[in-house]
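Have a look at the structure below before the remarks.
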Amino acid sequence: MSEKNVQELERKSIQYRKKILSIIKAANSGHTGGSLSAVDILNVLYNEVLNVSPDTFQDLNRDRYIQSKGHSVEVLYVVLADRGFYDEADLDTLNQYQSHFIGHPTRKVNGVEQNTGALGHGLPIAVGTALAAKKDGRSYRVFTLLGDGELEEGSNWEASMSAAHYQLDNLTVIIDYNKLQISGPVETVTGITNLKEKFTAFGYAVREVDGNSIEDLLEVFSHLPFESGKPNLILAHTTKGKGVSFIENQVNWHHHVPTDAEFSIAMEELDAAKLALGERNGTW
Amino acid sequence: MEPGKPNLVVFAETLQALAQSDKEILVVTSDSRGSGKLEPFAKALPEQLVEVGIAEQNLVGISAGLAASGKKVFGVSPACFLTARGLEQIKNDVAYSDNLVKLVGISAGVSYGALGTTHHSLHDFAALQAINNIDIVVPADNFETQKVIETAVSHPKPLYIRFGKKAMPHLHQPDTPFEIGKAITLSEGADVTFIAIGETVAEAVEASQLLAQQRIAAGVISMHTLKPLDKEAVLKAALFTKALITVEEHSVYGGLGSTVASLLMDAQVYLPFKAVGFPDEYTVTGSQTEIFSHYGISPDGLAETAQQLLTGVLTA
């Protein structure tokens, strides 16, 4: 991946963040912090990693992305629009009466693999999907994104045991490790710690990355599978609310909707970041 | 009635025969292959059995993923665990996501007898009926079991199939038409009709024979499909008989009885009616047969209920 392409993706991330805030603002509801933390992960997945497009979405051999942390639906809808699964204008209907753009991922929206939203559901489904590939000798890969707070749901650990048992090296679990959940820091809520050790003990091949670094994400995905016969786990250290100074690392921004003033400042900050990116690279 | 096998055995045999020639069929078990009589299946078709361990949420989620990838999936686990532990997965991953899993609740109702409430499923009709996009079928005998398993493979909706483990008498001829959503009328009776489901149908048949000796004409309908309910069969019975009795191995709340009652009221059809099932109390200890008898789900008990219901009706 050339430096220019990395910069293009970084620019995309800023665009995605602006759009996420815009649709949350318009809908007057949404999960702001968690959507912003996962932007770079979905950006790299959909633009560089996943073998899927609107044309191949019904193809049995497409790569699958199942978003288990369904509440961060805005990032998924924005990225799918950018990838051409539907018109960006459709996003204006988010959460509106009779819209099929529901506040959690739904298969009524083109490009969405599974209906999610209740936590701890994506990983078991992803395990079944990856197991089917193994049974059929198909080469597709399955990716699922989980929140760190979500790991409190026991079903994740049930599914992890199956993933290792069936040696699903075609499965990649990504943890959006932003360290915050709705009640406060994850560590203070349940003491979710030593995740690398926990997942390693459950049989995953684990890698840790900066989940808000396009370069790091491109690098880590290029090494899949990490180890033959083991499911892959990427512990992606992220910042909740990434990209806007006053949203970053703030518990109350879990599902806070920006006021007019906050929205203006956020747009200014993101525009400035884009400008800085252009200046840094001497382009745009 | 000719004695038959446990529906559980017929299920396992039927599924193995189907899976032998259709490699897309998979069975998913939660340490339940023994209780599901699936050891022969596991031995003959090891690649078509997925074991997930004692983890019912996982069983339903993995089944959903397999079904989404084109597999014909039968998720098999005791009904008590499958439909309580795995309820959110059934609601979201199977029904809401429209993944065509066939969930099979084995040793259902009070089949586990004296093992107690933890192992009973008297809530599953109520819980699953209230969920959109999942059909519910409860076969009464070996014939219905075989038919529903064969039909399930290509059924266009998520499905919950539920049965017990004791040997059941044969109720039908092999050429009886079977269709999900279409009740089977075993006999017609001008005085009273039993609308029964699952393993209670055989009890109702015997009750109708006892009533015949007392010159009470009792009909029996096997309402094998709880959802979608065969409304036509219910309303037809209500027109041609003087009283209706529903019988089920389930709480009286939210099962066949309350669904039929609600249908009748909505249709403004009023007639003597009794819903026989499990009252809202700690279930008595005993074998399945003893528990059935305790709650009046027995030939004598049902005949007596019919007589009481008809008191004043027949002479009027």
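Peptide A:149-162 is shielded by partner chain Cβ atoms: per residue, an average of 4 of them sit within 10 Å of its Cβ. In this structure, the amide hydrogen of B:GLY4, modeled 1.01 Å from its nitrogen in the peptide plane, lies closer than 5 angstrom to those of B:MET168, B:HIS170, counting only residues at least 5 positions away or on a different chain. Span-like helices, chain A: DSSP H, alpha-carbon axial extent 18 Å or more, mean Kyte-Doolittle 0.5 or greater, which ones? Going by DSSP H runs, the hits are A:122-136. Sites counted here are chymotrypsin sites (Phe, Trp or Tyr not before Pro) in a DSSP loop (not H, G, I, E or B) having no more than 12 other Cβ atoms within 10 Å; the longest part of chain B that contains none of them is B:1-269.
In whole percents, the pair-distance distribution calculated for region B:184-310 from its alpha-carbon pairs, binned every 10 Å from zero, is 14, 50, 31, 5. Working from Cα pairs under 8 Å separated by at least six residues, relative contact order for chain A is 23 percent.
Between B:THR145, B:THR259, B:THR83, the residue with the greatest mean-square fluctuation in the GNM of chain B (Cα pairs under 10 Å linked by springs) is B:THR259.
Which values of log₁₀ I(q)/I(0), to two decimal places, follow from the Debye formula for the protein assembly as shown at q = 0.06, 0.09, 0.10, 0.12 Å⁻¹ with a uniform point scatterer at every Cα? These q points yield log10 I(q)/I(0) values of -0.38, -0.75, -0.87, -1.09. Using a Gaussian network model of chain A in which every pair of alpha carbons under 10 angstrom is joined by a spring, one finds that among A:GLN96, A:GLN58, A:GLN114 the greatest mean-square fluctuation is at A:GLN58. What does the charge count near B:PRO228 come to, summing +1 for each Lys or Arg and -1 for each Asp or Glu among other residues with Cβ under 14 Å from its Cβ? Once all neighbours under 14 Å are counted, the net charge is 0. Per-residue Karplus couplings for region B:74-91, computed as 6.51 cos²θ - 1.76 cosθ + 1.60 with θ equal to phi - 60°, are listed in order as 10, x, 10, 7, x, 4, 4, 7, 4, 8, 10, 4, x, 4, 5, 5, 5, 4 Hz, Gly and Pro entered as x. The charge dipole of region B:3-169, taken about its Cα centre with unit charges on the Cβ of Lys, Arg, Asp and Glu (plus for the first two, minus for the last two), comes to roughly 240 debye.
Applying both filters, DSSP loop and at most 12 other Cβ atoms within 10 Å, to the GluC sites (Glu not before Pro) of region A:1-40 eliminates every site. When restricted to Cα atoms, chain A yields an Rg and a Dmax of 18.0, 54 Å, respectively. Each semi-axis of the equivalent ellipsoid for region A:80-207 is √(5λ) with λ an eigenvalue of the Cα gyration tensor; in descending order they amount to 28, 22, 12 Å.
Counting charges near A:ALA236 (Lys, Arg +1; Asp, Glu -1) among other residues having Cβ under 14 Å from its Cβ returns a value of -3.
Springs join every pair of Cα atoms under 10 Å in this Gaussian network model of chain A, and among A:ASN61, A:ASN43, A:ASN232 the largest mean-square fluctuation is at A:ASN61. Look at the alpha carbon pairs under 8 Å that are at least 6 residues apart: their mean separation over the length of region B:184-310 gives a relative contact order of 29 percent.
For region A:132-268, the orientation-averaged shadow of the C-alpha convex hull comes to 9.6 nm² (one quarter of the hull surface).
Averaged over the residues of peptide A:240-250, the number of Cβ atoms from other protein chains lying within 10 Å of each residue's Cβ is 0.
Let me know the shape class of region B:3-169, please: from the alpha-carbon gyration tensor, a ≥ b ≥ c as square roots of the eigenvalues, rounded when a/c is under 1.5, otherwise prolate if a/b is greater than b/c, or oblate. It is rounded, given that a/c, with a ≥ b ≥ c, falls under 1.5. Among A:LEU145, B:LEU235, A:LEU275, A:LEU270, the ranking by other beta carbons within 10 Å of each residue's beta carbon, starting with the fewest, stands as A:LEU275, B:LEU235, A:LEU270, A:LEU145.
Each value in this text was obtained by applying a stated rule to the coordinates, not by laboratory testing. All of these numbers come straight from a predicted model, not from anything done at the bench. Every residue, glycine as well, gets a Cβ built from its backbone with ideal geometry; the counts of neighbours run over all protein chains shown.
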